[in-house]
Every structure is written in C-alpha cells, then in structure tokens.
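This report refers to the structure that appears directly beneath it.
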Amino acid sequence: MAYHVSLECVAKTDTGMVRSHNEDFIAVSPEHGFVVLADGMGGYSAGEVASSIAATVVQETLEERLPLIFKEWTRQSDRQLQQLVQESVARANLSIIDAAESEPQFQGMGTTVVVGLFYQDHLILAHVGDSRAYRLREGELTQITRDHSLLQEQIDAGLITPEAALHSPNRNLITRAVGVDRELEIEIHEHTTRVGDIYLLCSDGLSDMLADEDITSTLAEFGSDLESACGTLIQRANTHGGKDNISVILAKVAAVDVKNERLLDRVLKWVR
C-alpha cells in the first residue's frame with residue numbers, strides 16, 4: 001500500500017486518427033502510488049516493444065522494492081525512493097538495449113518515459129524525452145516537466161518563440177530516449193503535493209493537439225469525474241486531428257496522512 005497517500009487514478013490510451021497501431025504503453029498502481037507512461041518509437045512493432053518493456057520493467061521494479069521501503073521507513077527513505085525510481089528507468093533502458101541486440105528487427109527502437117511516484121505529500125517525477133507531466137492546482141495548469149527535445153533547446157536559446165514553436169516542423173525531434181544508449185541521463189525532481197491536486201501525464205499525441213488552455217478547461221469541466229475527463233481529453237485530441245497515439249493518465253490526490261511521520265524526521269527533511 002502507498003505510504004500514507006490516497007490516489008484516484010484513471011488511464012487511457014488511444015491509437016488516434018492517423019497511426020495504424022499504438023506505440024504508447026501505460027501502467028498505473030494506486031495501491032503502490034505510482035504511474036508510468038511510455039511513448040515508443042522505431043517503426044513497425046519496435047516502438048510498442050520498447051514502450052511495453054520500459055513500462056513493465058519500471059512497474060515490476062517498483063512493485064518489488066516499494067513495500068520494503070514503506071515498511072521499514074526511516075529518515076533516509078526519501079532518498080531511497082528517488083534512487084529506486086531512477087534505478088527503475090535505468091533498468092528499463094538496459095532491458096530495451098538488450099532486446100534490440102538480441103533481435104535485429106528491434107534495432108533502433110526507443111521510448112520516452114514519465115514516472116510519477118506519490119508518497120505522503122510528495123511526488124517524485126522522473127522523465128526522459130518529450131512526454132509530459134502537468135499539475136492542476138486551484139484551477140491553474142502548470143507543466144512540471146521540461147521536454148528533452150530540439151525544439152525546447154531552440155526555445156531556451158532564444159532561436160524561436162514558444163508561439164512559433166507550436167507550428168514548428170521540429171516538434172517531435174527528441175534529444176533523449178530510453179533504450180538508445182547505455183549511458184542515460186534521467187531528469188528527476190520532487191514536488192510537494194496538496195489534496196485536490198490533479199496530475200496529468202501524457203504523450204505528445206495529446207500535448208501536440210491541445211493547447212494548455214484546452215486541457216485546463218477540460219479538467220475544470222470534468223475534474224470531479226476523472227473517467228470523463230480522461231476520455232474527453234482523448235476525444236478532443238482526436239477532433240483536433242489525432243495525428244499520433246494519445247495516452248493520458250490522471251492522478252488526483254484524494255487524501256494525505258503524514259501524522260505518523262516522526263517530528264524529528266520532518267525537521268531533518270526540511271533542513272536537508
């Protein structure tokens with residue numbers, strides 16, 4: 001069971017209106033407090049192989065190791081959780097590379113990954129590539145991941161404006177992917193959560209089709225019904241063209257209980 005956090009989770013994936021098959025893969029475990037989304041690439045069946053390996057390895061690693069950390073909680077456990085999330089993605093990376101080396105038809109495959117682990121009033125978020133995570137808090141939507149993409153680098157360098165980037169032909173050129181190189185740089189951050197927060201993980205099939213304003217209005221309209229919100233986001237992405245596979249995970253923080261955490265542990269956490 002997740003350590004003192006209650007989540008409401010809904011996840012859906014859709015092929016979209018253009019692609020012939022779905023290369024996205026999702027895994028959700030409210031019981032353990034984590035969500036995983038992967039968007040594969042590589043052509044033919046290779047993309048879906050990469051994404052399924054990534055999500056499955058991350059899921060199995062977390063499900064195996066989380067119960068022990070939660071059971072034997074110490075003031076070092078925060079750091080152990082970050083290390084575990086990072087290790088799960090690193091293991092997925094090596095598993096994909098090993099599969100590609102053993103099966104020639106899978107050479108060149110890779111995938112994006114976003115992993116969210118909720119515990120107490122915290123979210124550990126790790127990602128590689130341009131699949132995204134957003135937070136909706138008190139009606140305000142905030143993107144809490146930064147794309148690993150050529151387009152993002154151009155925006156950061158001032159070579160293109162965010163407005164012009166919406167129509168750039170380079171939207172889908174990513175600079176990092178899981179399963180491409182044995183040396184993988186994983187971006188990982190920790191966020192403080194609040195009861196009522198809604199966290200959205202999505203592949204670029206959603207974020208390329210819907211503006212932030214459209215996502216915000218959809219979540220505001222259906223936020224109390226995550227099933228409807230998730231389905232409506234996919235439907236509206238398809239209405240706007242559905243040019244890629246569309247995957248959406250919604251996780252709402254329903255309750256948090258940190259009363260059982262020792263005061264000393266909390267003070268040490270603040271000063272670290």
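Multiplying the residue separation of Glu183 and Asp225 by 0.36 nm and subtracting their alpha-carbon distance yields 11.0 nm. With R₀ set to 30 Å, the beta-carbon distance separating Leu94 from Asn170 gives a calculated FRET efficiency near 0.55.
Protection proxy ranking, highest mean first, for peptides 53-60, 158-165: 53-60, 158-165, where packing is the per-residue count of other beta-carbon atoms within 10 Å, averaged.
Extending 7 Å from the Cα toward the beta-carbon at both Asp156 and Gln80 defines two label points whose distance is 3.3 nm. Sorted on the mean count of surrounding Cβ atoms within 10 Å across their residues, most packed first, peptides 226-234, 121-129, 182-190 read 121-129, 226-234, 182-190. Counting lysine pairs in the chain whose alpha carbons fall under 19 angstrom apart, excluding pairs fewer than 8 residues apart on the same chain, gives 5.
Quick note: the coordinates plus some simple rules give every number you see, no bench work behind them. Predicted model, so just to flag it, every value in this text is computed and none were measured. So basically every Cβ, Gly included, is an ideal-geometry build from the backbone, and we count neighbours across all protein chains shown.
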